[in-house]
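Student: Quick one: the structure is below, questions incoming.
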Amino acid sequence: MKNVLMMFRKALLIGLTIILTGCVTTECPTMPAKPTKPTLESIQQTSEGGMILSKDDAQKLGIYILELERGYNI
């Protein structure tokens, strides 16, 4: 009975060592590259506090926001 218990402990120790070694050597996921902030060319502010963008600038800004939401955490 003691031999079985000693073999079990030895196997458990070896298994835990393998698991912990694997956890240490695996690479952590890296942050994705930060998306390039668009340069907006035509911005007009309204008297109500809003702004008016050209269609191209609105598309650039929309794409930038979607890229941020897809996984880049500030």
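Any read-out appearing in this document is the output of simple, stated calculations on the displayed coordinates, not a laboratory observation. All figures in this text were calculated on a predicted structure; none of them were measured in a lab. We place every Cβ from the backbone using ideal geometry, glycine too, and count neighbours over all the protein chains shown.
Student: Under a cut-off of 20 Å between alpha-carbon atoms, report the lysines in cross-link reach of residue 55, not counting same-chain residues fewer than 8 places apart.
Tutor: Of all the lysines, those that pass the test against residue 55 - Cα under 20 Å, at least 8 places apart if same chain - are 37.
Student: So, R0 is 30 Å and r is the distance between the beta-carbons of residue 70 and residue 42; what FRET efficiency does that work out to, to 0.05? Walk me through the numbers before you get to the answer.
Tutor: Details: r = 27 Å, r/R0 = 0.89.
Efficiency for this residue pair is about 0.65.
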